[in-house]
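The values are calculated or read from the model by the stated rules, or taken from the named source; none is laboratory data. Given the structure is predicted, the values throughout are model-derived calculations rather than measurements. FYI the Cβ positions are ideal-geometry reconstructions off the backbone, even for glycines, and counts take in every protein chain you see.
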Amino acid sequence: MIRKTAVGTALLLLLIAGKASQGERFEPVHEAEFYEKLERKMVRCQLCPRYCIIGPGQRGVCRVRENKQGKLYSVVYGRPCTIGKEPIEKAPFFHFLPGKTRIVLATAGCNQMCKYCQNWELSQSAPEDLPSYDLEPDKIVEIAEREKAPIICFTFSEPVVFYEYMCDIAKLARKKGIRTAVVTGGYINPEPLEKLCSLVDAIKIDLKGFTSEFYRDVCGSTMEPVLEACRIVARSGTHLELVNLVVPALNDDTTRIRQMCCWIRDSLGDTIPVHFSRFGPAYRLQNSPPTPVHTLEQAARIAKDEGLKYVYVGNVPGHRLESTFCPNCGKTVLHRKGFSVLENNLVDGKCRFCKARIHGMWE
Ligand code: SF4
């Protein structure tokens with residue numbers, strides 16, 4: 001199925017012309033950048049902490065990287081399964097070009113297996129199971145130009161698994177003055193991440209929980225590489241925001257939330273925007289209740305108590321904590337409702353009322 005996003009009609013018409021067929025086995029199309037060759041035409045992928053060892057004709061855990069005769073290839077390069085146009089606030093990015101439009105795209109595949117994935121139809125599918133488009137990187141940049149979208153955003157499934165495609169789009173976009181942003185689980189090795197940071201303008205990492213057990217039992221992965229990814233992005237100077245989806249009974253323990261906030265403050269800095277988002281039943285957690293709003297408000301209070309300056313409540317349209325408040329004078333510098341910016345009181349990146357600098361990339 002094609003994900004239904006807020007796609008403009010003109011964009012859809014343009015894309016239908018580039019539609020590829022579904023069901024045929026995808027040929028590996030683009031050699032992977034981070035892997036090593038082993039004996040007997042085996043390869044070891046070095047892109048993410050899984051380090052899959054892949055035999056000829058086989059694919060890695062993410063389903064989109066294939067060993068063809070002893071070389072590792074991406075099978076989704078130039079083959080997004082969804083593309084659309086949305087406000088940047090929907091990412092959510094709240095301190096990065098507010099009110100601007102982003103072209104969003106994703107391919108099939110993911111390197112984590114979160115039981116609550118909101119986009120599991122994309123992330124947990126092989127590319128052949130979904131309709132997709134034939135769109136080389138230059139076509140994506142052309143679409144952004146034609147749609148007058150100043151941002152291209154890699155999102156929905158897991159951009160790490162279409163790394164080479166993402167990097168090539170980002171390089172071309174930068175030449176045209178178009179910004180790029182990544183929405184990721186941050187399950188990626190340091191070397192490819194450092195290169196990615198040099199190519200894109202903003203990265204949002206889902207810090208899914210703050211215990212190894214949560215990562216192991218709910219996401220099928222490990223926590224430490226994600227913490228290291230957060231440190232690397234923060235050090236790089238690439239704009240960073242964090243999202244913590246709060247799932248009742250799984251990661252809503254207030255002691256852990258406090259530990260996470262202290263770690264963010266001490267390891268990344270107190271100006272990193274942090275979004276506590278509401279969980280809704282999905283995928284393998286269909287029977288879990290949505291997160292009570294007071295749980296999110298409690299998490300936000302803990303974050304403020306621990307000194308984080310920009311704290312948000314997400315997936316609760318109309319909530320007061322969708323807006324950005326000046327940490328100096330407390331006035332509203334960006335008044336949001338849902339994904340709309342209703343009032344912008346920033347002048348040259350500073351609060352219009354007290355002139356304090358507000359952390360972010362505003363222009
Ligand atoms: S990116 Fe895919 S193939 Fe590579 S190590 Fe991770 S899961 Fe395995």
Any residue in region 143-165 that is in contact with a Leu (Cβ under 7 Å, 6 or more places away or on another chain), of a type in the set (D, E, K, R) and crowded, with 24+ Cβ neighbours inside 10 Å?
no
Which of the residues belonging to region 341-363 are at pLDDT 95 or above and under 22 Å from R102 (Cβ atoms)?
V341, L342, E343, N344, L346, G349, I358, H359, G360, M361, W362
Kindly establish whether E147 is modelled with pLDDT of 95 or more, of a type in the set (D, E, K, R), in contact with a helix residue (DSSP H, G or I) (Cβ under 8 Å, 6 or more places away or on another chain) and in the same structural domain as G220 (by TED's automatic domain parsing).
yes
Test K85 against the stated conditions and say whether it is out of contact with any Phe, Trp or Tyr (no Cβ under 7 Å at 6 or more places or on another chain), over 28 Å from E228 (Cβ atoms), away from the ligand (no atom under 13 Å from the Cβ) and in contact (Cβ under 8 Å) with a residue 12 or more places away in the chain.
yes
Filter region 133-169 down to the residues that are acidic (D, E) and closer than 20 Å to K90 by Cβ, then identify the one that is nearest to the ligand (Cβ to nearest atom).
E158
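Condition check ((1) at pLDDT 95 or above; (2) on the phi < 0 side of the Ramachandran plot; (3) more than 15 Å from the ligand (Cβ to nearest atom); (4) of a type in the set (V, I, T)) across all residues:
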residue	(1), (2), (3), (4)
I2	no, yes, yes, yes
T9	no, yes, yes, yes
L15	no, yes, yes, no
V29	no, yes, yes, yes
F34	yes, yes, no, no
C52	yes, yes, no, no
P56	yes, yes, no, no
R63	yes, no, no, no
P92	yes, yes, yes, no
Counted residues in region 192-244 being among the acidic types (D, E), under 18 Å from S267 (Cβ atoms) and surrounded by fewer than 21 Cβ atoms within 10 Å (Cβ to Cβ) come to 3
Considering only region 257-297, state which residues are buried (at least 16 other Cβ atoms within 10 Å of the Cβ) and touching a Ser or Thr at 6+ places or on another chain (Cβ under 7 Å).
R278, F279
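Quick grid of which residues meet (1) over 19 Å from R265 (Cβ atoms); (2) loosely packed, with under 14 Cβ neighbours inside 10 Å:
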residue	(1), (2)
A300	no, no
K304	no, no
L308	no, no
V313	no, no
P317	yes, yes
N328	no, no
L334	yes, no
N344	yes, no
Over region 36-50, the set of residues of a type in the set (A, V, I, L, M) and either near the ligand (Cβ under 7 Å from one of its atoms) or more than 16 Å from V75 (Cα to Cα) (or both) is L38, M42, L47
Could you list, in sequence order, all residues of region 65-80 that are without any contact (Cβ under 8 Å) to a residue 40 or more places away in the chain and away from the ligand (no atom under 13 Å from the Cβ)?
Q69, G70
